[in-house]
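The values are calculated or read from the model by the stated rules, or taken from the named source; none is laboratory data. Given the structure is predicted, the values throughout are model-derived calculations rather than measurements. Don't worry about glycine lacking a Cβ; one is built from the backbone with ideal geometry, like all the others, and counts go over all protein chains shown. Just so you know, the surface numbers come from the protein's heavy atoms only, side chains and all, with ligands and any DNA or RNA stripped out. Shrake-Rupley method; radii C 1.70, N 1.55, O 1.52, S 1.80 Å.
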Amino acid sequence: MVRLVLVGPPGAGKGTQAARLAEELDVPHISTGDLFRANLQQRTPLGVEAKRYMDAGDLVPDSVTVEMVRDRLTADDATKGFILDGFPRTVSQAEALADMLTDRGEALDSVVEFRVPEEELVTRLLGRGRSDDTEAVIRNRQQVYRDETSPLLEFYADRLVSVDAVGSVDEITARVLAALRSS
């Protein structure tokens with residue numbers, strides 16, 4: 001049983017590593033982006049509520065996101081563990097996750113932080129060739145990540161595992177697995 005949260009700036013490779021680790025550890029990769037898309041597509045009550053905020057140009061409140069995650073963690077495949085990618089993003093979401101797991105008699109095993117120098121992230125994201133990925137936008141996203149995530153890293157200091165996320169996909173996966181084994 002493995003319960004992990006992956007954190008790292010945009011472009012750090014969290015999604016790629018989450019998929020690899022989920023396969024290696026035989027637990028589901030739960031991405032908040034995927035959760036939102038599924039709830040919107042299936043027009044679930046949470047999806048309908050989220051759409052109301054999105055259509056108004058507002059951020060979806062934590063309460064809706066937390067309920068989507070809570071609902072997903074009750075699925076059969078998540079009983080043996082999970083890898084969360086994109087959640088929690090804030091300390092209040094981390095507290096909600098802790099409460100959720102405590103109610104189930106569970107706790108997180110580790111929080112894996114993917115560390116990548118900003119210049120490498122900018123190069124990676126510019127290389128994707130997306131029209132909205134200008135250098136200024138990318139650097140702003142990096143700053144927003146740093147501002148929002150540093151309190152989260154402090155919150156998880158007792159179970160934080162930092163991994164150098166520069167190298168091949170295989171090298172990074174091996175580093176994460178080695179770090180988890182030694183933590």
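Just wondering, is there one or more residues in region 14-27 that are of a type in the set (G, A, S), open to solvent by less than 70 Å² (accessible area, probe 1.4 Å), farther than 25 Å from L180 by Cα and outside any loop (DSSP other than H, G, I, E, B)? Even if it seems obvious, please write down each step before you answer.
Applying the first criterion (of a type in the set (G, A, S)) to region 14-27 yields 15, 18-19, 22.
Within this subset, residues satisfying the condition of being open to solvent by less than 70 Å² (accessible area, probe 1.4 Å) are 15, 18-19, 22.
Remaining after also requiring farther than 25 Å from L180 by Cα: none.
No, every residue in region 14-27 fails to be of a type in the set (G, A, S), open to solvent by less than 70 Å² (accessible area, probe 1.4 Å), farther than 25 Å from L180 by Cα and outside any loop (DSSP other than H, G, I, E, B).
Could you list, ordered by first residue, the pairs with Cβ atoms under 6 Å in which the first is in region 96-117 and in contact (Cβ under 8 Å) with a residue 60 or more places away in the chain and the second is surrounded by 11 or more Cβ atoms within 10 Å (Cβ to Cβ) and among the aromatic types (F, W, Y), at least 6 apart or interchain?
V111/Y156
Take the residues of region 92-124 that are buried (at least 16 other Cβ atoms within 10 Å of the Cβ) and of a type in the set (S, T, N, Q): which is nearest to G81 (Cα to Cα)?
S110
So the check is Cβ under 8 Å with 6+ separation or different chains; which pairs have a first residue in region 26-50 that's within 15 Å of V5 (Cα to Cα) and a second one that's among the acidic types (D, E) and in a helix (DSSP H, G or I)?
Hits for this filter: V27/D77; P28/D77.
Can you tell me which of R43, R3 is within 18 Å of T79 (Cβ to Cβ) and at pLDDT 95 or above?
On the way: R43 fails: within 18 Å of T79 (Cβ to Cβ).
Being within 18 Å of T79 (Cβ to Cβ) and at pLDDT 95 or above holds for just one of R43, R3, which is R3.
If a residue must be in contact with a strand residue (DSSP E or B) (Cβ under 8 Å, 6 or more places away or on another chain) and either open to solvent by less than 70 Å² (accessible area, probe 1.4 Å) or farther than 14 Å from A12 by Cβ (or both), how many such residues does region 125-182 contain? Before you say what the answer is, go through the steps one by one.
Of region 125-182, the ones in contact with a strand residue (DSSP E or B) (Cβ under 8 Å, 6 or more places away or on another chain) are 149, 152-153, 156, 159-165, 172, 175-176, 179-180.
In the following step, the residues that additionally are either open to solvent by less than 70 Å² (accessible area, probe 1.4 Å) or farther than 14 Å from A12 by Cβ (or both) were identified as 149, 152-153, 156, 159-163, 165, 172, 176, 179-180.
Here the count works out to 14.
How many residues does region 30-47 contain that are within 19 Å of the chain's Cα centre (by Cα) and among the charged types (D, E, K, R)?
The total comes to 2.
With (1) assigned to a loop (DSSP other than H, G, I, E, B); (2) open to solvent by 30 Å² or more (accessible area, probe 1.4 Å) as the list, and R37 as the residue in question, which single condition is left unmet?
(1) is the only condition that R37 fails.
All but one of (1) on the phi < 0 side of the Ramachandran plot; (2) outside any helix (DSSP H, G or I); (3) open to solvent by 20 Å² or more (accessible area, probe 1.4 Å) hold for R43; which doesn't?
Going through the list (1) on the phi < 0 side of the Ramachandran plot; (2) outside any helix (DSSP H, G or I); (3) open to solvent by 20 Å² or more (accessible area, probe 1.4 Å), R43 breaks only (1).
Pull out all pairs, ordered by first then second residue, where Cβ-Cβ is under 6 Å, the residues are six or more apart or on different chains, the first lies in region 66-80 and is at pLDDT 95 or above, and the second is open to solvent by less than 30 Å² (accessible area, probe 1.4 Å) and in a helix (DSSP H, G or I).
V66/A96; M68/L35; M68/N39; R70/M100; R72/L35
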